[in-house]
Amino acid sequence: MQDPAALEGPAALITDPVQTAALLAAVLAAVFALSRVEALKKLFDVIPPVIWAYFVPMLLSTFGVLQPYRPGNEALGITEYVNPAYDLFSYILLPMALFLLMLTIDLKAIASLGKMALIMLLVGTLGIVIGGPIALLVVSLFADTTGLWQGMSALSGSWIGGTANMVAMAESVGLRDLGPVIVVDVVVGYGWMGILLFLAGYQERFNAWVGADTSAMDRVDETLKQLDTQRRPLTIETGAIIIGLGIAAAVLSRVLGSSIEPVQIDGQTIISGGTWAVLIAVTVGLILSFTPLRKLEIDGASRLGYVALYMLLTSIGAQGNLFAIAEAPLFLLIGVVWLAVHIGLLFLAAKLLRAPLFFVATGSMANVGGAASAPIVAGVYHPAMAPVGLLMAVAGYVLGIYAAVGCVAMLSAIGGG
């Protein structure tokens, strides 16, 4: 019989979901309040508020204030555990933020960035596909990597097509314990996200180094500046409309997504209900951006979308645990080498194509982070272009299964599967 304690979450000072949500909201508020203090301005110029919003909750979980994510282990009788507050944030805030960002998108302006965005997305995907086999070969030169190819197969799915694809790849290679995969995904993947957020402050230097052509991005920024002159103070009426639309769209997309049959290939789930929900929220938002509802941007609809995204980011950070690094050192090393190949290929492409750092960051996060992370990173680099990151991430979902299958085939050949 399973120990009842195994059903409970990790020990922490705060375990109640409502208190957890309140603390995360307070952390976000405190971060942005401190960023307005003149004496701290230089600090926040170097390390933007969004980084603090991500890493402070992670530190709180690492040192026992909040509950980190706990992967399940059937052999040890340990069940998977996610604090309900984190699930609720993801359930509501992710589709709500995506809907509001797409509702207010200037599709014509975004389309002018399309070619470079697509190229860097594909380069990022290629980096994941070949980076895995290269990492396995390199580490196998000095360490025993027997059996690691299966976990890497699942990770390839996560770093291209998201959680649903990770599960699909894990099932396809017969992997039951995803614990080490989750550790690498969180520590390495989101650690890289933190670095990308930090590098946003150095994009002008990078762009000058590669001789980047930023004219298209400058035009979008100019459009945003013109929009800023038209903005109105948020009123109770428009605030209620924006929040009401966002929450309604979020719940409706979740309900519809769960009612659609998952897409399967050979019995493996490729597009889950959660993925359908994201696609529905994005699609409905895009369609409504051609209606008068797009004028809600004058009242700050996208800014409320960002608030939802940043709140979601605090819950993502809180699920991490820096001490988990010690649980899978070899697999973590492989993850670092793997991502280094991905990053190196993106930087090489940026140098050859004279691509701005913005496209390096979004091309990477659209693969490694997906729809929850790519808009955040894109928005930190250029507030007008969070939808670019989102659209790139959605395209990554489509590419994910095919690219991951190719990566898994190579990993299997190298690992002896």
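The values are calculated or read from the model by the stated rules, or taken from the named source; none is laboratory data. Since we're looking at a predicted model, the values are computed, not measured. Don't worry about glycine lacking a Cβ; one is built from the backbone with ideal geometry, like all the others, and counts go over all protein chains shown.
Can you name the number of the only condition in (1) in a helix (DSSP H, G or I); (2) modelled with pLDDT under 80 that Val341 fails?
Result: Val341 fails condition (2) only.
For the range 323-345, does any single residue satisfy the condition of being surrounded by fewer than 24 Cβ atoms within 10 Å (Cβ to Cβ), among the small types (Gly, Ala, Ser) and within 29 Å of Gly274 (Cα to Cα)?
So far as the range 323-345 goes, yes, one or more of its residues are surrounded by fewer than 24 Cβ atoms within 10 Å (Cβ to Cβ), among the small types (Gly, Ala, Ser) and within 29 Å of Gly274 (Cα to Cα).
Quick one: in the range 284-306, which of the residues that are among the β-branched types (Val, Ile, Thr) and touching a residue at least 12 places away in the same chain (Cβ under 8 Å) is surrounded by the most Cβ atoms within 10 Å (Cβ to Cβ)?
Here the answer is Val284.
Let me confirm something: among Leu101, Leu43, which residue is buried (at least 20 other Cβ atoms within 10 Å of the Cβ) and modelled with pLDDT under 90?
Sole residue among the options that is buried (at least 20 other Cβ atoms within 10 Å of the Cβ) and modelled with pLDDT under 90: Leu101.
Determine the pairs where a residue that is surrounded by 13 or more Cβ atoms within 10 Å (Cβ to Cβ) and part of a loop (DSSP other than H, G, I, E, B), located within the range 7-29, has a partner that is of a type outside the set (S, T, N, Q) and modelled with pLDDT of 95 or more with Cβ atoms under 8 Å apart, the partner being 6 or more residues away or on another chain.
Once the first residue is surrounded by 13 or more Cβ atoms within 10 Å (Cβ to Cβ) and part of a loop (DSSP other than H, G, I, E, B) and sits in the range 7-29, its partners that are of a type outside the set (S, T, N, Q) and modelled with pLDDT of 95 or more give Ile14/Leu23.
Per-residue answers, yes or no, for (1) of a type outside the set (Gly, Ala, Ser); (2) closer than 27 Å to Ile47 by Cβ; (3) more than 19 Å from the chain's Cα centre (by Cα):
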| site | (1), (2), (3) |
| --- | --- |
| Met311 | yes, yes, no |
| Trp338 | yes, yes, no |
| Ile343 | yes, yes, no |
| Leu346 | yes, yes, no |
| Lys351 | yes, yes, yes |
| Leu357 | yes, yes, no |
| Val405 | yes, no, yes |
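Yes or no: Ala393 surrounded by 21 or more Cβ atoms within 10 Å (Cβ to Cβ) and more than 21 Å from Ser158 (Cα to Cα)?
Taking the combined requirement at face value, the residue does not satisfy it.
Mind checking which residues of the range 356-380 are modelled with pLDDT under 90, part of a loop (DSSP other than H, G, I, E, B) and either surrounded by fewer than 24 Cβ atoms within 10 Å (Cβ to Cβ) or on the phi < 0 side of the Ramachandran plot (or both)?
Gly369, Ala371, Ala372, Ser373
Return only the number of the condition from (1) touching a residue at least 24 places away in the same chain (Cβ under 8 Å); (2) surrounded by fewer than 24 Cβ atoms within 10 Å (Cβ to Cβ); (3) within 14 Å of Leu126 (Cα to Cα) that Tyr402 does not satisfy.
For Tyr402, the exception is condition (1).
Anything in the range 130-174 that is surrounded by fewer than 22 Cβ atoms within 10 Å (Cβ to Cβ), at pLDDT below 80 and of a type in the set (Gly, Ala, Ser)? List them, or say none.
Once the filter is applied, which keeps residues that are surrounded by fewer than 22 Cβ atoms within 10 Å (Cβ to Cβ), at pLDDT below 80 and of a type in the set (Gly, Ala, Ser), the range 130-174 yields Gly147, Ser172, Gly174.
Listed here are the residues, each with its yes/no results for (1) more than 21 Å from Pro383 (Cα to Cα); (2) touching a Leu at 6+ places or on another chain (Cβ under 9 Å); (3) at pLDDT 85 or above.
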residue	(1), (2), (3)
Gly201	no, no, yes
Asp221	no, no, no
Ala248	yes, no, yes
Gly257	yes, yes, yes
Phe290	no, yes, yes
Arg294	no, yes, yes
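Restricting to the range 280-294, name every residue that is hydrophobic (A, V, I, L, M, F, W, C) and outside any helix (DSSP H, G or I).
Across the range 280-294, the qualifying residue is only Phe290.
Here are some residues: Leu279, Leu304, Leu234. Which one is at pLDDT below 85 and either among the hydroxyl-bearing types (Ser, Thr, Tyr) or closer than 23 Å to Val377 by Cβ (or both)?
Leu279
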